[in-house]
Structure formats: structure tokens, C-alpha cells
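> Sharing a structure here in C-alpha cells format.
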Amino acid sequence: MNHTGADAMENKKKREIKSRQIMPEQDPLVRRSNFEEVPLGFTEEQAIIEASRCLHCKKPLCVSGCPVDVDIPGFIKLISEEKYMDAARAIKETNSLPAVCGRVCPQEAQCEKYCILGKKQDPVAIGRLERFAADYERNAGDIKIPEISENTGKKVAVVGAGPAGLTIAGDLVKKGHKVTIFEGLHKAGGVLIYGIPEFRLPKAIVDAEVEYLVRLGVEIRTNVVIGRGKTVDDLFEEGFNAVFLGVGAGAPVFMDIPGENLGGIYSANEYLTRSNLMKAYRFPEYDTPIALGKEVAVLGGGNVAMDSVRTALRLGANNAYIVYRRTEAEMPARGEEIHHAKEEGVKFKYLTAPIEYIGDDKGWVRQMRCIQMELGEPDDSGRRRPVPVPGSEFIIDVDMVVVAIGTMANPVVPATTPGLDTNRWGYIATRDETGETSRKGVYAGGDIVTGSATVILAMGAAKKAAKAIDEYLKR
Amino acid sequence: MNEIKEAFWLSHQIVQMEIHAPDIADKRKAGQFVVLMTDERGERIPLTIVDSDVKKGTITIIFQVVGKTTTCLADMKKGDCLFSVLGPLGKPTEIENFGNVVCVGGGVGIGVIYPIARALKDAGNEVTSIIGARTKDILILESEMRAASNRLLVATDDGSYGFHGFVSQVLQSLIDEGERIDRVFAIGPVPMMRVICTVTRPFDIKTIVSLNPIMVDATGMCGACRVAVGGETKLACVDGPEFDGHQVDFDLLTDRLRMYYFQEKEAVESYRCRCNGK
């Protein structure tokens, strides 16, 4: 960069800014065969140095990039003063899942994107500092229970114990409402438990966050699918004053091409649920089996595809491919995930789309017929549309495939809730940012409103809905 | 926690169990199922709800010991608790007065057809039931089925009781005798359901089968239980478990049920070793 002399002088006068600290990670060759967490977290020393890089801007743009308005300069200052517990508590003022967000938020597109430091050098590692503070508090075993407002006598039902549900439950219980979460699976956490692998988000962390909510007074009822058996109307009849729907976009999407139901072809939802929720990677210690593909193709270019392909490597694949119909530039996955996958030996086949699967006499997938693509004009998403190249078909040998091309709205709740409006894709329609739906007292947020997005956006939506529900209950 | 209130063997491979699950007992309808886990490390397996007692807050399940989970479940006793029970799941059986219906149950499938036969009879149908097993000793629920039907016919593969042969042959002879049949419900092993559909197809008798593919979450999330019906992919957990048998791709169902054949064997063996070591 061409710094002018005056600029350089100016910087020198203020202070020397150290370079961004590098978080230690497990060696790629070692970690590709274990399920332990990949990044190891900052040491205390690193955290202090990294925190000292913050300029403490008067108008911190980083906060405007955070969907849950964490007081970023505030908690970073506390870390630089070695007040780690206070730092964790400062984050928790607005973010109930900091250990999770410190790991899985796309900071590079949010807080860190707006960091002023980022204009001239690397931005402050806000996410890693958040993780450091949250881990420090959890490891210290001294989780403080915040003040809970006086009991309002109002009851709120939260449907779904994923990022949105856990967030709104925490916010509303602190306001003195009685909160019950209904979760369909046997364990709370939603995508944090069934979707994101252990090597990216250790389940002990999610368990700790859930335990924290229980200590705040949130009741969690697992094994209840609202819409099967009990309905939203039943909840009102049982005396709940408001209902929040945070059920996620849980239905799998397939491509509807020949041979897609062959053995060895999974939806990402199934593959990851088997491995993460059911712990199939520890079979037979755990009962649920999973296919151990040697030649594995994962279709898609998002974070879920990266999670799937890296799981397949860890389960012993000789070759694990990402098969994506556009190029790396259009891939929606975080740069960090793509980088980690490459380091571990994942192979990328760009501009490639499957058109047919070929199986053996036992109905197991053996080959995938693909076609080469090229990029044409931009589509609705602004990304250049992939167009098949005629006559470019070729075969890839596979014995396992994971389809990770997105999810759809699960219709169970809308189909059993009269008067609940949905849009043409089946997602729940909300009036505005408050998450208010067409049904009185029913609010919604997260993927079931927006379609597949991120953990933090679901949490942001839940925070807004929490405010709206609190106001509604006070009316 | 769901406590086991009653557990006994119906035959040397089939167990009947009553489980405390008041919310499920209250809501369940014929044809629906639960997904249960024996313990925290267990697999999630679907089992049809055979009966319920709203007053006692219990549901009844009947299962055959085939894999690790059912072996472990059969080892559990009255007073033990299951780690989790989720339900009722799936669409209830479409029950109306069709006229003359035939309910066919084979093996442990008799447990599944039983609540359907009862609901059909309550709805005013003339119910003929055909139940069968390999041999007399393993035939279950005969008296219950007799009570739930206007007429009960029995077949055993070895001829030890009732008609000597398959349930499909009994159904074939009813058709051949010119009986009017408005609808058939057939539940049992995949080969049995397939043959029943072959028997009814030429006569265009609508035949409902209940499919039991491998499931994981069983709420429409994972797609493990996809089946092909009339050329379209359906999820048995939310679109079924009952489908028009004439449209079902039974070959695909058979292949997909075998996906984990070797792991299932390994799991049973490792479980038996653990138990013998006790």
C-alpha cells in the first residue's frame, strides 16, 4: 500500500498496532482423522495483544454490523484489562450464545467487515476474542445468573430449541415471563446439535448454553413436535399467552434426477444428523450406523456442504469431493471453511453438476454422471448462472453422495395452524421485523421466515421478536 | 421419562409392551407410530402404536426382535424407563365406511393391522381379516383380531393351524369366489405386501400398505425414509406411512431396508457380547 508520509507519521504518533494474532489450530493431517475441534482458541497472552489492537472508535461501526448489537469495544476493553469474566458478561447482555457465535458467526461479513482497522490492515479478531471470553467464563465454571424481572404471570411457548428459540427463551425469561420450549428431537440445540459438527462446534458448549437457560428458569420439553399431536391452538388452550415459532427450514431438498434414491445417497440433513446428533461417527459405541464412503461426492458450496465433506474425510474417505456447479468465487461457504477443507485434502470440482446416478445390483450408488457447466448471465441472486456445456458429460466413481444444496420450509406447523399465512415457498409470512405473523399472539423468526440463513441472523430475529412479544404481553 | 408399565412375550420373538406416554395416548389415531430410543446412545426406531389407554395414559407397542434396539428393548422390564418416545407421528389411516374391507396381517404386522381393523369395524365396515404366520406358535393376537373383525381367517406357512399356505392365497380365493371387496389393507413383511398387491391389482381393488423404511428424525427433516410411490419420491414419516400399494416401488424399499445390513449385524453381536459379559 502507498502510505503517505503524513499518514505514517499520524499512525506512529497514535501507537504501534501489532499484527492480528493467529489462532492456533490442529494440524490438518492430524485433524482430518479426528472429530476434535479444529481451532484451539487464543491463549491469554494472544487475547490481550489482540484486544490491544482495538481503536475504541467513538462511533463503533463494528457494532452496526452485529445482528445482536454486542457492545464490541466494551468487551474488548475488558479483555485488554484482563477482566475476562466481565467481558463475557458484557457480551451476554445482548448475546446469549457467545461461545457459539465466536465460532460459527461469519464475522468477516459482519462486525469485522466494518472494523476501521480493516481498511489499512487486518481487522480486530472480534469473533476470536468473543470465543476467548465465553470459553474463559465456561471453563472457570462461574456462570453468573443475571437478574430476572419479577414474574409477570404470562406464559410463552417457544417452538424449536435452535438458535432462535434458545435466544428468545433467554430474553423473555429474563423479563419475568414463564417460558417453555417445545423441541421435536430428543435433545435441545437444533442445528447447533444436529447440523454443525463437533470439530467446528463442540457439543459440550451447546449443552452448557442450554443448561444455562434451564438455570434461568426456562422449561425445555423435548420429543414434542408441535403440529403432530399438540398444535399451536392447543398451546393457547393450555394457557400460553404467546407463541414463538422458530422451527427452522428443516425439509431436505433433492435434485430429482434419476437414481437419487439409491443406497449411499444422503441429504446433508440425514448425513449430519446421523453423525452429529446420533453420534454415528462413534458406531458401534453408539447404535446409529452411517455409511463409510471411500469415494465421496458432496453436492453444494455452502457451509453445510463443507461440514459434510469434512465429516466424510474424518470417516475414512480416500477421496472427498465438493461438486459445485459454479466456481469458488460464487461459493456461499465462509472463506475459513473452504480454507480448512482444502488444508484437510478435500478436492474441489467446480462447474460440475450431476445429472444421473448409477447403482450396482444391490441398489448402492457406484457412479455419478456429471455435466460440465459454464457461467452465463447473472441470475436473481446476482451470481452468474451456470449453463450446461452440451456434450461434456463425464463419470465420477462414487460410493457415497451427500446432497447439500439447501433446505425448504417444513410444512408441519403452517399446515396445522389455521390463519397462519405463508409465502409462496411455504415460509411463514411476518408483518415486519418484529416477527408478528397473521395470527394474533403468534410470532416467528429464523430460517422458517427467511429460508436457510445463519445462526446469528436467526438470533437477531429472535431478539426483535422477544421485544415485540414482551410489549404484546404488557398490553 | 417413559416408564414401561407392562411387558410380555407374545411369541418367542415378539414382545408386547405398554408404555407410559399420556400425551401420545390422548392424541394418537389408528395407523400412527412413535419413534423411541432405549437409551441415550440408542438408535431412533419407528414402531406403530397398536393401542392406547387414555385413562391409564399408556400406549401399546408390539415388536419383533430383529436388531440391536429391539433386542435391547426386549431385555427391558416393567418399571424400566425408555430414554425417549416421540409421537404420534405419520398420517392416521383414512377410516370411513368403505363397505366390505379385508385386513391382511402377516407376522408382527398383525399388531399393526389390529387398530386399523378395529377402527374400520367401528366405522361400520364389514371387516374380514386374514392373519398369518410361519407356524402356529408365533401367530399373535388371534382373539383380539377375532373381536375386531366380522370374520377371521387364519393361515400358516407350515399348515400347523388354519389354511396351509400364505395369506395372499386366502385373499385370492375370496376374490375367486366372487366376494365383493371394496378395499384391502395389508401390513406385514415387504414380500407379503408385494404379493397382496399383485393379487388385488388385476381386480382394481384399492390396497393400502403401511411401509416401514429406516427413519432417523421421523419428522420430515432427513429424508432417510424416502420411498417411491407412483414414480414420485415421498417421505414415509410425514407423507405416510400408508400408501396406495399398487403405486409403491417395493424393490427400492427392499434395497433401502438393507442399507445397513452389516452394521446392524455388528451392533447386535457387540450388544450380545456385552450382555453375556455381565
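> Given the protein chains as shown and a 1.4 Å probe, how many square angstrom of residue A:313 are accessible, to the nearest 10?
Only protein atoms counted, so the area is about 10 Å².
> On to the next question. Take each uninterrupted DSSP H stretch in chain A, measure its Cα extent along the helix axis, and return the ones at 18 Å or beyond whose mean Kyte-Doolittle hydropathy is at least -0.5.
Membrane-span-like by this criterion, though nothing is claimed about a membrane: A:203-216, A:455-474.
> Round to the nearest 0.05 the FRET efficiency obtained for residue B:233 and residue A:93 when R0 = 35 Å and r is the Cβ-Cβ distance.
The value I calculate is 0.15.
> Given labels modelled 7 Å from the Cα in the Cβ direction, how far is it in nm from residue A:147 to residue A:453?
The two pseudo-label positions are separated by 3.2 nm.
> Okay, moving on. What shape does the stretch B:114-189 take by its C-alpha gyration tensor, where a ≥ b ≥ c are the square roots of the eigenvalues and a/c under 1.5 counts as rounded, a/b above b/c as prolate, and the rest as oblate?
Cα axes put the stretch B:114-189 in the oblate bin.
> Also, I was wondering about something else. In Å², nearest 100, what accessible area do chains A and B bury in total when the solvent probe is 1.4 Å?
The buried area between A and B, both sides summed, comes to about 3400 Å².
> Along the charge dipole of the stretch A:184-334, which of A:250, A:269, A:316 sits closest to the positive end, that is, farthest toward it, with unit charges on the beta carbon of Lys, Arg, Asp and Glu (+1, +1, -1, -1)?
Working it through, the farthest residue towards the positive pole turns out to be A:316.
> Per q in 0.18, 0.22 Å⁻¹, report the Debye log10 I(q)/I(0) for the stretch B:2-89, using one uniform scatterer on each alpha carbon and no solvent.
One equal scatterer on each Cα of the stretch B:2-89 leads to -0.69, -1.06.
> Take the alpha-carbon centre of the stretch A:68-115, take the same for the stretch A:217-277, and report the distance between them in whole Å.
The stretch A:68-115 and the stretch A:217-277 have Cα centres separated by 30 Å.
> While we're on this one: With springs only between Cα atoms under 10 Å apart, run a GNM on chain B and tell me which of B:128, B:58, B:198 wobbles the most.
B:198
> If the only charges are +1 at each Lys and Arg Cβ and -1 at each Asp and Glu Cβ, what is the size of the charge dipole of the stretch B:100-257 around the Cα centre, to the nearest 20 debye?
140 debye
> Using DSSP to call loops (not H, G, I, E or B), can you name the trypsin sites (Lys or Arg not before Pro) in the stretch A:327-378 whose Cβ has at most 13 other Cβ atoms within 10 angstrom?
A:362
> Among A:33, B:103, A:289, flag the residue with its Cα farthest along the positive direction of the charge dipole of the protein assembly as shown, charges on Cβ as +1 for Lys/Arg and -1 for Asp/Glu.
With unit charges placed on the Cβ atoms, the residue in question is A:33.
> Still on this model: What accessible surface, in Å², does a 1.4 Å probe find on residue A:187, ignoring ligands, DNA and RNA and rounding to the nearest 10?
Its heavy atoms expose roughly 60 Å² to the probe.
> So if I take the centroid of the Cα atoms in the stretch B:152-191 and the same for the stretch A:402-421, what is the distance between those two points in Å?
Centre-to-centre (Cα) distance: 41 Å.
> Right, something else. Do any of A:187/A:279; A:154/B:27; A:154/A:440; A:440/A:467; A:279/B:27; A:155/A:463 go past 22 Å between their Cα atoms, and which?
Result: A:154/B:27; A:279/B:27 exceed 22 Å.
> Can I ask one more? Rounded to two decimals, what is Rg over Rh for the stretch B:100-257 when you use alpha-carbon atoms and the Kirkwood radius? Before the final figure, lay out each step's value.
Numbers: Rg = 15.3 Å, Rh = 15.8 Å.
Value, to two decimals: 0.97.
> Next up: Just give the residues from the stretch B:14-62 buried by at least 10 square angstrom of accessible area in the all-chains context relative to the isolated chain, probe 1.4 Å, and say none if nothing qualifies.
Buried by the other chains: B:23, B:27, B:37, B:40, B:41, B:42, B:43, B:44.
> Which GluC sites (Glu not before Pro) does the stretch A:207-266 hold that lie in a coil by DSSP with at most 14 other beta carbons within 10 Å?
A:238
> While we're here: Measuring from centroid to centroid over Cα atoms, what is the spacing of the stretch B:42-68 and the stretch B:74-113 in Å?
Between the Cα centres of the stretch B:42-68 and the stretch B:74-113 lies a distance of 7 Å.
> In peptide B:222-230, what is the residue-averaged number of other protein chain Cβ atoms found within 10 Å of each Cβ?
Shielding by partners across B:222-230 averages 5.
> Something else: Going toward the positive end of the dipole of the stretch A:348-390, with +1 on Lys and Arg Cβ and -1 on Asp and Glu Cβ, which of A:364, A:381, A:354 do you reach last?
The residue sitting most towards the positive pole is A:364.
> Please give the FRET efficiency for residue B:3 paired with residue A:282, using the beta carbon to beta carbon distance and R0 = 30 Å, rounded to the nearest 0.05.
After rounding, the FRET efficiency stands at 0.60.
> In addition: Per the 1.4 Å probe, what fraction of the accessible area of the protein assembly as shown, in percent, lies on carbon and sulfur atoms?
Using a 1.4 Å probe with all protein chains present, the protein assembly as shown comes out at 50 percent carbon and sulfur.
> How much length would be gained if the chain were fully extended between residue B:161 and residue B:198, taking 0.36 nm per residue of separation minus their Cα-Cα distance, in nm to one decimal?
On the way: separation 37, 0.36 × 37 = 13.32 nm, distance 2.49 nm.
Using 0.36 nm per residue and subtracting the Cα-Cα distance, I get 10.8 nm.
> Which FRET efficiency value, to the nearest 0.05, is calculated for residue A:394 and residue A:415 with the Förster distance at 35 angstrom and r the Cβ-Cβ distance?
That pair, residue A:394 with residue A:415, gives E of 0.25.
> Mind checking the per residue accessible area of the stretch B:2-89 for me, 1.4 Å probe, whole number of Å²? List each step's numbers first, then the result.
Numbers: 3410 Å² over 88 residues.
Here the per-residue accessible area is 39 Å².
> Given a 1.4 Å probe and heavy atoms of the protein chains only, how would you sort A:459, B:1, largest accessible area at the top?
B:1, A:459
> Pick out which of B:210, B:160, B:52 has the largest mean-square fluctuation in a Gaussian network model of chain B, springs linking Cα atoms closer than 10 Å.
B:160
> Give me the percent relative contact order of chain B, please, defined on Cα pairs under 8 angstrom at least 6 residues apart. Could you put the intermediate results ahead of the total?
Values: 610 pairs, mean separation 44.2, N = 278.
Value for chain B: 16 percent.
> A follow-up question, please. Between residue B:123 and residue A:358, what is the label-to-label distance in nm when each label sits 7 Å out along the Cα-to-Cβ direction?
Result: 4.7 nm between the two label points.
> Heads up, I need the accessible area for residue A:254: 1.4 angstrom probe, whole protein in place, Å², nearest 10.
We get 50 Å² for residue A:254.
> Let me ask something additional. Quick check: with the 1.4 Å probe, what order do B:145, A:85 take by accessible area, largest first?
Correct descending sequence by accessible area is A:85, B:145.
> Now for a different question. Could you compute how fast chain B diffuses translationally, taking Rh as the Kirkwood radius over C-alpha pairs and applying Stokes-Einstein at 10 °C with viscosity 1.306 mPa s? Give it in µm² per second.
D = 83 µm²/s.
> Output the relative contact order of the stretch B:100-257, whole-number percent, from Cα pairs under 8 angstrom with separation of 6+ residues. Show your work: numbers first, answer last.
Numbers: 311 pairs, mean separation 29.8, N = 158.
Answer for the stretch B:100-257 is 19 percent.
> Using 0.36 nm times the number of residues separating residue A:43 and residue A:381, minus their current alpha carbon distance, what extension gain do you get?
Contour length minus the Cα-Cα distance gives 117.6 nm.
> Still on this structure, please answer the following. With the crude spin-label approximation of a point 7 Å out along Cα→Cβ, what separation in nm comes out for residue A:83 versus residue A:221?
With each label placed 7 Å out from Cα toward Cβ, I get 4.2 nm.
> Where does each of B:54, A:63 land when they are ordered by accessible area, with a 1.4 Å probe and the largest first?
Accessible-area ranking of B:54, A:63, largest first: B:54, A:63.
> Next question, about the same structure. State, to one decimal in nm², a quarter of the convex hull surface area for the C-alpha atoms of the protein assembly as shown, i.e. the direction-averaged projected area. Working shown, then result.
On the way: hull surface 147.7 nm².
Directional mean of the projected Cα hull area for the protein assembly as shown stands at 36.9 nm².
The values are calculated or read from the model by the stated rules, or taken from the named source; none is laboratory data. These numbers come from a predicted model, not from an experiment. When we count neighbours, we look across all protein chains shown, and the Cβ atoms used for this are built from the backbone with ideal geometry, even at glycine. Ligands, DNA and RNA are stripped out before the accessible areas are found, and what is left, the full protein with its side chains, is counted by its heavy atoms. Shrake-Rupley method; radii C 1.70, N 1.55, O 1.52, S 1.80 Å.
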